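A quick write-up on the structure given underneath.
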Amino acid sequence: MWLDRHRQLTAGITEPAYEHWDVSELAAFCYPEAGPDELGLAADLLGFYFLFDDQFDTELGQHPAEVARICDRLCGITHGTAAFAATTPFGSSAPSTSPVPSASSAPPTPSATEHAFADLWRRSQRGMSARWRARAAYNWEWYFASHPAEAAGRAFAELPDRESYLVLRRGTAAMETLFDMIERLGHFEVPQSAFHHPVLRRLRQLAADIPSFSNDVRSYPLEAPRGDVYNLVMIVQQERGCPADEASAVVLAEAQLMINQFAELRLQLADVYNQLELDAAQRGAVQRYADGLAAWLAGYLRWEGRTGRYRAG
């Protein structure tokens, strides 16, 4: 088991509690066409996301500069550099007071987080083109580099406006990295002309935002007491001056509208194929990707209603 080789990642959670999250089930729900090896990679990645995100629920998550140093080092892995900026180990509950190493000093010892992510990054790239790897590296950077701003929100307790929330949430949710894995686990790649077509971009954005909206409702009881401010339920409360249960209903209604839009957009794919003059193989790749987005969306919402991850106590 991957986590057995990276046991330090689970230092802040018991094994029974982790098993209660049903991470393997989430991987199977979201990537239903993946084979055993691919599902193993998906489950390892999902476990990493959860454990990495949870370390910032401690005091560490209120120190933006320290969070940035941790995340900069992880970004360095995707870009093939060794220029790490801190030595804080995964799960540290307090910021490091050690100075940043100078250019002439020996490189710091990689943390447990870095060892784990380096393994995942190596496995994720296998068999993929340089174009895909560049895109995936950018998406991972977007994910990691969004965490310092989220930490600043906790530290200063400033509730963002809706647009600022959406910008940051689309980074910290890591959805683009998860969507990249649709291609990786399926051993195919979407042609560039289709990948960046407005219809597919909108499908991707909806598939990313819907789980975030739903997750904000599920996680609100856990996030509100610890001072997290990047939660749409809190923002709707402020916009409308309403209680949390009413704000939650509004957020879920918005999510349902987006689900309807997603379904309508999928019907436009046939026109996209014709407009772009895609051949049969290209059409098949785009259809697999769109189906993968739908599977991810349905799988996540199914898992979210069952998992113990968002239950208090």
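The values are calculated or read from the model by the stated rules, or taken from the named source; none is laboratory data. Since we're looking at a predicted model, the values are computed, not measured. All Cβ positions, glycine included, derive from the backbone under ideal geometry; neighbour counts span all protein chains shown. Ligands, DNA and RNA are stripped out before the accessible areas are found, and what is left, the full protein with its side chains, is counted by its heavy atoms. Shrake-Rupley method; radii C 1.70, N 1.55, O 1.52, S 1.80 Å.
Computed values, structure above
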{"read-out": "Residue check for residue 118: crowded, with 17+ Cβ neighbours inside 10 Å and not acidic (Asp, Glu)", "value": "no"}
{"read-out": "Any pair with Cβ under 9 angstrom, 6 or more apart, that starts in segment 238-260 at a residue that is under 13 Å from residue 216 (Cβ atoms) and ends at one that is in a loop (DSSP other than H, G, I, E, B) and modelled with pLDDT of 95 or more", "value": "250/242"}
{"read-out": "Condition met for residue 202 (over 23 Å from residue 65 (Cβ atoms), among the basic types (Lys, Arg) and assigned to a helix (DSSP H, G or I))", "value": "yes"}
{"read-out": "All helices (runs of 4 or more DSSP H) inside segment 224-301 with 1 or more residues being open to solvent by less than 70 Å² (accessible area, probe 1.4 Å) and closer than 30 Å to residue 152 by Cα", "value": "232-240, 244-266"}
{"read-out": "Cβ-Cβ under 6 Å pairs, at least 6 apart or on other chains, segment 58-81 side at negative phi and assigned to a loop (DSSP other than H, G, I, E, B), far side open to solvent by 10 Å² or more (accessible area, probe 1.4 Å) and of a type outside the set (A, V, I, L, M, F, W, C)", "value": "58/93; 63/95"}
{"read-out": "Count - residues of segment 189-238 that are of a type outside the set (Gly, Ala, Ser) and under 26 Å from residue 57 (Cα atoms)", "value": "25"}
{"read-out": "Those residues of segment 229-272 which are more than 19 Å from residue 287 (Cβ to Cβ) and of a type in the set (Gly, Ala, Ser), in sequence order", "value": "241, 244, 247, 248, 249, 253, 255"}
{"read-out": "Search result, residues across segment 104-115 that are out of contact with any Ser or Thr (no Cβ under 8 Å at 6 or more places or on another chain) and either at pLDDT 95 or above or surrounded by 12 or more Cβ atoms within 10 Å (Cβ to Cβ) (or both)", "value": "110, 112, 113, 114, 115"}
{"read-out": "Filtered residue count, segment 156-194, keeping only those that are over 21 Å from residue 247 (Cα atoms), assigned to a helix (DSSP H, G or I) and either touching a residue at least 40 places away in the same chain (Cβ under 8 Å) or in contact with a strand residue (DSSP E or B) (Cβ under 8 Å, 6 or more places away or on another chain) (or both)", "value": "14"}
{"read-out": "Test for residue 25: is it of a type in the set (D, E, K, R) and farther than 19 Å from residue 303 by Cα", "value": "no"}
{"read-out": "Candidate set from segment 127-177 (those that are open to solvent by 50 Å² or more (accessible area, probe 1.4 Å) and of a type in the set (A, V, I, L, M)); member that is farthest from residue 32 (Cα to Cα)", "value": "157"}
{"read-out": "Tally, over segment 178-221, of residues that are of a type in the set (Phe, Trp, Tyr), open to solvent by less than 20 Å² (accessible area, probe 1.4 Å) and within 21 Å of residue 277 (Cβ to Cβ)", "value": "1"}
{"read-out": "Filter result for residue 8 (part of a helix (DSSP H, G or I), open to solvent by 40 Å² or more (accessible area, probe 1.4 Å), at pLDDT below 95 and farther than 17 Å from residue 303 by Cβ)", "value": "yes"}
{"read-out": "Test: residue 87 is open to solvent by less than 70 Å² (accessible area, probe 1.4 Å), over 25 Å from residue 170 (Cβ atoms) and at pLDDT below 95", "value": "yes"}
